[in-house]
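Have a look at the structure below, then the notes.
The values are calculated or read from the model by the stated rules, or taken from the named source; none is laboratory data. Predicted model, so just to flag it, every value in this text is computed and none were measured. Because the Cβ atoms are built from the backbone with ideal geometry, glycine has one as well, and the counts that use them run over all protein chains shown. All accessible areas refer to the heavy atoms of the entire protein, side chains included, with ligands and DNA or RNA removed. Shrake-Rupley method; radii C 1.70, N 1.55, O 1.52, S 1.80 Å.
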Amino acid sequence: MKSTDIQELLQRYANGERLFSGIYLNDELINLDLQDIDLSSANIDCSNAERCNFSRANLSSASFGECFLYQANLSDANLSHSHLGQCSFEEANLSGANLQGASLEFVSFNGANLTQANLSEAVLGGADFRGANLSGANLLNAVNSREIDDQDLGARWVEMLKQEVILSSTIMPDGSIISNV
(Lines give C-alpha, C1' and ligand atoms only; values in the text may rest on other atoms or scores of the structure.)
Protein backbone atom coordinates (compact mmCIF):
# COMPACT_ATOMS: atom_id res chain seq x y z
CA MET A 1 0.00 0.00 0.00
CA LYS A 2 1.51 3.30 -1.10
CA SER A 3 1.81 6.05 1.51
CA THR A 4 0.29 9.32 0.34
CA ASP A 5 1.37 12.66 1.76
CA ILE A 6 -1.60 14.74 2.93
CA GLN A 7 -0.40 17.80 1.00
CA GLU A 8 -0.28 15.73 -2.21
CA LEU A 9 -3.78 14.39 -1.53
CA LEU A 10 -5.12 17.90 -0.87
CA GLN A 11 -3.57 19.24 -4.07
CA ARG A 12 -5.02 16.41 -6.16
CA TYR A 13 -8.38 16.83 -4.39
CA ALA A 14 -8.33 20.59 -5.12
CA ASN A 15 -7.72 19.71 -8.78
CA GLY A 16 -10.93 17.67 -8.84
CA GLU A 17 -9.61 14.17 -8.20
CA ARG A 18 -11.76 12.16 -5.80
CA LEU A 19 -10.57 8.54 -6.21
CA PHE A 20 -7.92 7.63 -3.63
CA SER A 21 -8.92 4.01 -3.06
CA GLY A 22 -6.40 1.83 -1.24
CA ILE A 23 -4.00 4.56 -0.14
CA TYR A 24 -2.21 4.80 3.20
CA LEU A 25 -2.60 8.07 5.12
CA ASN A 26 -0.56 8.77 8.22
CA ASP A 27 -1.20 12.48 8.82
CA GLU A 28 -3.47 14.67 10.91
CA LEU A 29 -6.65 15.59 9.03
CA ILE A 30 -7.99 18.41 11.23
CA ASN A 31 -10.70 20.68 9.75
CA LEU A 32 -10.30 19.32 6.21
CA ASP A 33 -13.15 19.35 3.69
CA LEU A 34 -13.00 15.98 1.93
CA GLN A 35 -16.65 15.51 1.03
CA ASP A 36 -17.39 13.01 -1.75
CA ILE A 37 -13.84 11.56 -1.55
CA ASP A 38 -13.33 7.86 -2.28
CA LEU A 39 -11.01 6.36 0.33
CA SER A 40 -12.41 2.84 0.02
CA SER A 41 -9.99 0.16 1.24
CA ALA A 42 -7.66 2.90 2.51
CA ASN A 43 -5.56 2.58 5.64
CA ILE A 44 -6.09 5.78 7.60
CA ASP A 45 -3.69 5.81 10.51
CA CYS A 46 -4.20 9.34 11.75
CA SER A 47 -4.44 10.32 15.36
CA ASN A 48 -6.72 13.29 14.76
CA ALA A 49 -9.41 14.05 12.18
CA GLU A 50 -11.56 16.33 14.30
CA ARG A 51 -14.10 18.51 12.52
CA CYS A 52 -13.13 16.89 9.19
CA ASN A 53 -15.88 16.83 6.55
CA PHE A 54 -16.27 13.34 5.09
CA SER A 55 -19.92 13.81 4.07
CA ARG A 56 -20.94 11.46 1.24
CA ALA A 57 -17.42 9.96 1.29
CA ASN A 58 -16.80 6.34 0.32
CA LEU A 59 -14.85 4.85 3.22
CA SER A 60 -16.06 1.29 2.66
CA SER A 61 -13.62 -1.41 3.76
CA ALA A 62 -11.27 1.28 5.06
CA SER A 63 -9.20 0.65 8.16
CA PHE A 64 -8.81 3.39 10.74
CA GLY A 65 -6.26 3.34 13.54
CA GLU A 66 -7.19 4.86 16.88
CA CYS A 67 -8.49 8.02 15.25
CA PHE A 68 -10.17 10.95 17.04
CA LEU A 69 -13.05 12.21 14.86
CA TYR A 70 -14.58 14.71 17.28
CA GLN A 71 -17.39 16.70 15.60
CA ALA A 72 -16.49 15.20 12.21
CA ASN A 73 -19.17 15.23 9.51
CA LEU A 74 -19.72 11.76 8.07
CA SER A 75 -23.33 12.29 7.04
CA ASP A 76 -24.39 9.93 4.25
CA ALA A 77 -20.87 8.44 4.19
CA ASN A 78 -20.34 4.80 3.22
CA LEU A 79 -18.38 3.09 6.01
CA SER A 80 -19.67 -0.40 5.27
CA HIS A 81 -17.32 -3.23 6.23
CA SER A 82 -14.76 -0.76 7.54
CA HIS A 83 -12.60 -1.40 10.62
CA LEU A 84 -13.04 1.45 13.08
CA GLY A 85 -11.95 -0.22 16.30
CA GLN A 86 -11.22 2.20 19.14
CA CYS A 87 -12.02 5.33 17.10
CA SER A 88 -13.83 8.19 18.78
CA PHE A 89 -16.81 9.76 17.00
CA GLU A 90 -17.80 12.00 19.91
CA GLU A 91 -20.38 14.58 18.82
CA ALA A 92 -19.85 13.51 15.19
CA ASN A 93 -22.59 13.64 12.55
CA LEU A 94 -23.13 10.16 11.12
CA SER A 95 -26.73 10.76 10.05
CA GLY A 96 -27.63 8.54 7.13
CA ALA A 97 -24.21 6.84 7.25
CA ASN A 98 -23.89 3.24 6.07
CA LEU A 99 -22.01 1.25 8.72
CA GLN A 100 -23.35 -2.14 7.62
CA GLY A 101 -21.01 -4.95 8.63
CA ALA A 102 -18.48 -2.52 10.11
CA SER A 103 -16.24 -3.49 13.00
CA LEU A 104 -17.08 -0.92 15.68
CA GLU A 105 -15.68 -2.64 18.75
CA PHE A 106 -14.74 -0.18 21.52
CA VAL A 107 -15.75 2.82 19.40
CA SER A 108 -17.05 5.88 21.23
CA PHE A 109 -20.20 7.45 19.78
CA ASN A 110 -20.84 9.70 22.81
CA GLY A 111 -23.23 12.46 21.76
CA ALA A 112 -23.06 11.43 18.09
CA ASN A 113 -25.92 11.87 15.63
CA LEU A 114 -26.65 8.46 14.09
CA THR A 115 -30.18 9.21 12.89
CA GLN A 116 -31.17 7.00 9.96
CA ALA A 117 -27.75 5.28 10.10
CA ASN A 118 -27.46 1.68 8.93
CA LEU A 119 -25.60 -0.37 11.55
CA SER A 120 -27.05 -3.71 10.43
CA GLU A 121 -24.68 -6.64 10.88
CA ALA A 122 -22.13 -4.36 12.59
CA VAL A 123 -19.95 -5.67 15.41
CA LEU A 124 -20.60 -3.38 18.38
CA GLY A 125 -18.85 -5.04 21.33
CA GLY A 126 -17.73 -2.44 23.84
CA ALA A 127 -19.06 0.45 21.71
CA ASP A 128 -20.21 3.43 23.79
CA PHE A 129 -23.40 5.14 22.61
CA ARG A 130 -24.12 7.31 25.68
CA GLY A 131 -26.05 10.41 24.63
CA ALA A 132 -26.09 9.35 20.97
CA ASN A 133 -29.18 9.81 18.80
CA LEU A 134 -30.07 6.56 17.04
CA SER A 135 -33.53 7.66 15.87
CA GLY A 136 -34.51 5.72 12.78
CA ALA A 137 -31.25 3.76 12.85
CA ASN A 138 -31.11 0.15 11.69
CA LEU A 139 -29.30 -2.25 14.06
CA LEU A 140 -30.82 -5.42 12.56
CA ASN A 141 -28.52 -8.40 13.17
CA ALA A 142 -25.89 -6.21 14.82
CA VAL A 143 -23.81 -8.32 17.17
CA ASN A 144 -21.82 -7.76 20.32
CA SER A 145 -18.83 -9.75 19.05
CA ARG A 146 -17.96 -11.98 16.10
CA GLU A 147 -16.46 -14.56 18.47
CA ILE A 148 -19.16 -14.73 21.15
CA ASP A 149 -22.80 -15.64 20.63
CA ASP A 150 -24.01 -14.77 24.13
CA GLN A 151 -27.72 -13.94 24.02
CA ASP A 152 -27.74 -12.79 27.67
CA LEU A 153 -24.89 -10.38 27.00
CA GLY A 154 -26.73 -9.12 23.90
CA ALA A 155 -29.93 -8.63 25.91
CA ARG A 156 -28.06 -6.59 28.54
CA TRP A 157 -26.52 -4.47 25.78
CA VAL A 158 -29.97 -3.79 24.25
CA GLU A 159 -31.32 -2.83 27.70
CA MET A 160 -28.42 -0.38 28.11
CA LEU A 161 -29.24 1.14 24.72
CA LYS A 162 -32.86 1.62 25.73
CA GLN A 163 -31.81 3.54 28.84
CA GLU A 164 -28.85 5.65 27.70
CA VAL A 165 -29.50 6.39 24.04
CA ILE A 166 -32.13 8.35 22.14
CA LEU A 167 -34.19 5.78 20.22
CA SER A 168 -37.13 6.69 18.03
CA SER A 169 -38.36 4.15 15.49
CA THR A 170 -35.00 2.39 15.84
CA ILE A 171 -34.72 -1.13 14.42
CA MET A 172 -33.04 -3.26 17.09
CA PRO A 173 -30.82 -6.33 16.48
CA ASP A 174 -33.78 -8.71 16.85
CA GLY A 175 -35.90 -6.75 14.35
CA SER A 176 -38.10 -5.08 16.96
CA ILE A 177 -38.73 -1.36 16.62
CA ILE A 178 -38.09 0.68 19.78
CA SER A 179 -38.85 4.23 20.81
CA ASN A 180 -37.90 5.67 24.19
CA VAL A 181 -38.66 9.35 23.58
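Points worth noting:
- Taking the criterion of being among the hydrophobic types (A, V, I, L, M, F, W, C) and open to solvent by 50 Å² or more (accessible area, probe 1.4 Å), the residues of the stretch 11-31 that qualify are A14, L19, I30.
- Of all residues in the stretch 42-56 being part of a strand (DSSP E or B) and open to solvent by 10 Å² or more (accessible area, probe 1.4 Å), the one that is nearest to H83 (Cα to Cα): N43
- Here A72 meets each of (1) open to solvent by less than 20 Å² (accessible area, probe 1.4 Å); (2) among the hydrophobic types (A, V, I, L, M, F, W, C); (3) modelled with pLDDT of 95 or more; (4) over 13 Å from the mean Cα position of the chain (by Cα) with one exception, condition (4).
- Considering N43, N98, N48, the condition of being closer than 17 Å to A117 by Cβ and touching a strand residue (DSSP E or B) at 6+ places or on another chain (Cβ under 6 Å) is satisfied by N98 alone.
- On inspection, N78 qualifies as at pLDDT 95 or above, under 21 Å from N138 (Cβ atoms), among the polar types (S, T, N, Q) and in contact with a strand residue (DSSP E or B) (Cβ under 9 Å, 6 or more places away or on another chain).
- L114 being open to solvent by less than 10 Å² (accessible area, probe 1.4 Å) and either β-branched (V, I, T) or touching a Gly at 6+ places or on another chain (Cβ under 8 Å) (or both): no
- Number of positions in the stretch 97-111 that are modelled with pLDDT of 95 or more and under 17 Å from C52 (Cα atoms): 1
- Qualifying residue in the stretch 40-58 (condition: polar (S, T, N, Q) and within 11 Å of the chain's Cα centre (by Cα)): no
- Pairs linking a residue in the stretch 40-55 that is more than 8 Å from C67 (Cα to Cα) to a residue that is small (G, A, S) and surrounded by fewer than 18 Cβ atoms within 10 Å (Cβ to Cβ), with Cβ atoms under 6 Å and 6 or more positions apart or on different chains, are S40/S21; S41/S21; S41/G22; N43/S63.
- Any hit, the stretch 86-101, residues being closer than 17 Å to D45 by Cβ and surrounded by fewer than 19 Cβ atoms within 10 Å (Cβ to Cβ): yes
- Number of residues in the stretch 115-129 that are assigned to a loop (DSSP other than H, G, I, E, B) and modelled with pLDDT of 90 or more: the value is 7.
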